[in-house]
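Before any comments, here is the structure.
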């Protein structure tokens with residue numbers, strides 16, 4: 001079982017390059033950074049946990065592509081990724097170029113974790129109708145794949161249209177960096193089949209995951225896709241779990257390739273201790 005880390009970063013926490021170096025040295029195989037470009041001061045959408053208040057550090061998140069570029073420059077082996085990139089809140093042509101540049105300059109170490117967001121108020125700031133965020137996301141990813149794979153690309157969709165254009169560099173990985181869908185539920189499974197190379201759900205007990213995997217396998221068969229080609233990673237909260245060796249075995253038996261440990265920002269003065277504790281408990 002491979003173990004990754006998904007960690008919030010800000011200007012006040014450990015430098016992304018330092019964090020990546022330490023993760024690589026301890027044996028983590030992947031480092032992911034979340035994204036929240038903004039957090040509305042007043043929001044009607046409650047945070048899914050606690051008293052519904054969004055943690056302050058959500059509004060301090062670094063831009064994930066710049067943070068990942070710093071992480072890539074400081075390392076040579078560890079994979080880097082967005083966990084997740086909020087596709088409806090980004091212009092797709094520029095995002096495609098950022099993805100391709102980061103993948104090319106990191107020698108193919110980039111994983112494109114994507115999602116459409118849960119915070120209605122945030123999505124609406126970007127002029128996106130929340131209930132249509134996933135159709136838009138699927139179309140934006142389709143447009144990006146055209147840009148990544150063709151010397152001259154064009155697209156004519158509902159949400160984005162462009163005439164034949166040239167957009168370089170192309171990604172190092174062929175045909176493009178893996179697209180992992182970071183969401184749960186039946187709609188998420190449909191999106192994995194439609195646009196995903198991997199699935200990255202959050203905090204699912206083994207029994208629930210097993211049931212969804214059966215559904216995903218059937219969806220793949222119906223769509224003519226190979227279920228075995230979809231890479232499965234699971235994001236977990238270490239503090240909410242116990243008996244990690246036994247759980248790792250259960251998830252491994254279900255086909256999970258990687259557990260990604262979710263973490264709030266780690267203060268610079270405790271990063272060594274925190275990462276070493278996680279590595280000791282999970283990297284076996």
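The values are calculated or read from the model by the stated rules, or taken from the named source; none is laboratory data. Quantities reported herein were computed from a predicted structural model and do not represent experimental measurements. Backbone-built Cβ (ideal geometry, glycine too); neighbour counts: all protein chains shown.
Conditions (1) crowded, with 20+ Cβ neighbours inside 10 Å; (2) touching a helix residue (DSSP H, G or I) at 6+ places or on another chain (Cβ under 6 Å); (3) within 22 Å of residue 117 (Cβ to Cβ), marked per residue:
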site	(1), (2), (3)
136	yes, yes, yes
142	no, no, yes
156	no, no, no
162	no, no, no
165	no, no, no
176	yes, yes, no
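Of all the listed residues (134, 118), the sole one being closer than 30 Å to residue 52 by Cβ and in a loop (DSSP other than H, G, I, E, B) is 118. Note on the range 217-235: among residues that are outside any helix (DSSP H, G or I) and without any contact (Cβ under 8 Å) to a residue 24 or more places away in the chain, the one that is nearest to residue 198 (Cα to Cα) is 226. Answer yes or no as to whether residue 265 is in a loop (DSSP other than H, G, I, E, B) and surrounded by 16 or more Cβ atoms within 10 Å (Cβ to Cβ). Here the answer is yes, as residue 265 does meet what is asked.
For the range 67-92, a residue qualifies if it is in a strand (DSSP E or B) and in contact (Cβ under 8 Å) with a residue 60 or more places away in the chain, and the qualifying residues are 79, 80, 81, 83, 84. For residue 259, the stated conditions do not hold, so it cannot be described as touching a residue at least 60 places away in the same chain (Cβ under 8 Å), in contact with a helix residue (DSSP H, G or I) (Cβ under 6 Å, 6 or more places away or on another chain) and closer than 19 Å to residue 3 by Cβ. Highlighted here would be strands (runs of 3 or more DSSP E) found entirely within the range 149-199 that include at least 3 residues which are farther than 28 Å from residue 231 by Cα and modelled with pLDDT under 95, but there are none.
When 65, 33 are screened for being in contact with a helix residue (DSSP H, G or I) (Cβ under 8 Å, 6 or more places away or on another chain) and over 17 Å from residue 263 (Cα atoms), only 65 passes. Evaluated against (1) touching a residue at least 24 places away in the same chain (Cβ under 8 Å); (2) under 30 Å from residue 279 (Cβ atoms), residue 95 falls short on exactly one condition, (2).
Restrict the check to the range 146-156 and report whether at least one residue is in contact (Cβ under 8 Å) with a residue 60 or more places away in the chain and under 19 Å from residue 94 (Cβ atoms). The answer is no; no qualifying residue exists.
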